[in-house]
Each structure stands twice: as C-alpha cells, then as structure tokens.
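**Q** Could you have a look at this structure, given as structure tokens, before my questions?
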Amino acid sequence: MSFGELRLVSCKVNKMEIRKAKIEDFDEILGLVHQLSPLKEGEGEVDLGVFKKIIHDENHEIYVVDSDKGLIGTGMLLVQLNLSHGGRPSGHIENVVVDEKQRGKGVGKKIVDFLLDRAKERNCYKVILNCKEKNISFYEECGMKNSEETEMRLDVS
Ligand SMILES: CC(C)(COP(=O)(O)OP(=O)(O)OC[C@H]1O[C@@H](n2cnc3c(N)ncnc32)[C@H](O)[C@@H]1OP(=O)(O)O)[C@@H](O)C(=O)NCCC(=O)NCCS
C-alpha cells in the first residue's frame, strides 16, 4: 500500500472509510480528541500550527474515519526511530477515539487494526500504547496484550 492510501472497510457503520487526516479535518478531530481528553481548566486549545506540524511529519500518521455522518473516529501512529533492534522503529498508538454516538459498532477495532497494519508496513518491531484499565479488553480484542513492563512517568507542570 502506498503511504496514505484510502482503505474501504466494513463494519456496522455504512459508508465509512479510513483515510489520512487533512488540514480541513482539524476542528472535527479536536472534537473527537476532547472526548478522550477534555480540556482542563486554564488549558489552552491546541494550535492549528501544531496540527500542521504533525500531519506534515513523516513519522506521525493521523487517520480519520470518514462517514456519511462526518468524522466518527480517529487514531494516530507515531513511528519512533531507534538505535537498537537493527534500527527498526517502534510504533506508538495515540489518540484512538470513536464518537460516543458510534461506539460499539466495530469502528474502534477497525482503527486499531489499521494502525497496526501501518506499523507493520513501516517496519516497526513492536507497537505500544498506554490505556486505562477499562480499555484493556478492547485492545485485547484487537490482538494486543497487556505487557509486563511498567511505565515510568513525570508530570511536568
Ligand atoms: C475505546 C474505544 C475507542 C472503542 O471503540 P468502539 O468503536 O466502541 O469499539 P469496537 O466497537 O470496535 O469494539 C471492539 C471490541 O472491543 C470490545 N470493547 C469495546 N470497548 C470496550 C471497552 N471499553 N471495554 C471492553 N471491551 C470493549 C467490544 O465489545 C468489541 O468486541 P466484539 O468484537 O467481541 O464485540 C471507544 O470506546 C472510545 O472512543 N472511548 C473513549 C476514548 C478512549 O478511551 N480511547 C482509548 C484511548 S487509549
């Protein structure tokens, strides 16, 4: 598959396709991302410039699920370049969200399957993500497993 090619997919939502995000998608993608991570008090909205930077970066791939109801889902793959594993990158999945009115119809699984395929196509040796406990079974349904590794974290104010 060429980079960014459209894929027609089928699930319980009619007429949907997964495609690469475009500049014009910015507002709709933000609406979806806020369902995952609402703006905190005093937190500013992300700038369009940041979005442009991401979508023009060859190691960030944002995809959207486009349907007759507008954008109903999104997800991002970060291809992190690497010095170990023979220089094969690792894939990081971020910002997987399905519009709350469209959940439970197989859209989320389609997004993750797609991102996992893209990671394989980008020669990643592994794909990782962080998620809440309640979403573990969802990612297991997508073929991922709960890793024994612990995440170390520092929240920077
Ligand atoms: C998590 C999320 C992306 C799942 O999307 P979805 O379209 O509702 O999921 P799907 O319909 O594709 O579900 C796929 C499978 O996982 C299961 N599943 C879905 N959400 C689940 C959950 N939260 N817990 C357990 N299982 C879940 C479904 O039952 C389904 O199994 P089945 O194929 O045997 O029926 C969606 O609920 C969402 O956007 N949540 C808010 C944002 C979020 O938390 N994103 C994850 C960031 S890490």
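The values are calculated or read from the model by the stated rules, or taken from the named source; none is laboratory data. Keep in mind that this is a model prediction, so the values were computed, not measured. We place every Cβ from the backbone using ideal geometry, glycine too, and count neighbours over all the protein chains shown. Side chains included, ligands, DNA and RNA excluded: accessible areas come from the protein's heavy atoms. Shrake-Rupley method; radii C 1.70, N 1.55, O 1.52, S 1.80 Å.
**Q** Roughly how much of CYS142 is accessible, in Å² to the nearest 10, using a 1.4 Å probe?
**A** 10
**Q** How much of the accessible area of the chain, in percent, comes from carbon and sulfur atoms when a 1.4 Å probe is used?
**A** C and S fraction of accessible area: 49 percent.
**Q** Another question, then. Would you mind checking the pairs LYS15/LYS101; LYS20/LYS120; LYS12/LYS145; LYS109/LYS134; LYS20/LYS40 and listing those with alpha carbons more than 19 angstrom apart? Provide the component values of the computation, followed by the final result.
**A** Numbers: LYS15/LYS101 16 Å; LYS20/LYS120 17 Å; LYS12/LYS145 25 Å; LYS109/LYS134 15 Å; LYS20/LYS40 28 Å.
As for pairs spanning more than 19 Å Cα to Cα, those are LYS12/LYS145; LYS20/LYS40.
**Q** Who wins for biggest fluctuation among VAL107, VAL50, VAL96 in a Gaussian network model of the chain, springs between alpha carbons below 10 Å?
**A** It is VAL50.
**Q** Once the piece of chain linking LEU30 and GLU133 is laid out straight, how much longer is it, given 0.36 nm per residue of separation minus the C-alpha distance between them?
**A** 34.7 nm
**Q** Can you compute the equivalent ellipsoid semi-axes for the chain, i.e. the square root of 5 times each eigenvalue of the Cα gyration tensor, sorted largest first and rounded to whole Å?
**A** 23, 20, 18
**Q** Could you size up the charge dipole of region 53-120 around its Cα centre, putting +1 on the beta carbon of Lys and Arg and -1 on that of Asp and Glu, and report it in debye to the nearest 20?
**A** Roughly 220 debye for region 53-120.
**Q** Using the heavy atoms of the protein chains alone and a 1.4 angstrom probe, what is the accessible area of region 2-144 per residue in square angstrom?
**A** 59
**Q** Further question on the same structure: Among LEU115, ASN14, SER147, pick out the residue whose Cα is farthest towards the positive end of the charge dipole of the chain, where Lys and Arg carry +1 and Asp and Glu carry -1 on C-beta, about the Cα centre.
**A** Of the options given, the answer is ASN14.
**Q** What longest region of the chain stays clear of GluC sites (Glu not before Pro) that DSSP places outside H, G, I, E and B and that have at most 13 other Cβ atoms within 10 Å? List each step's numbers first, then the result.
**A** Details: sites that count: GLU5, GLU41, GLU43, GLU45, GLU58, GLU148, GLU149, GLU151.
It works out to 59-147.
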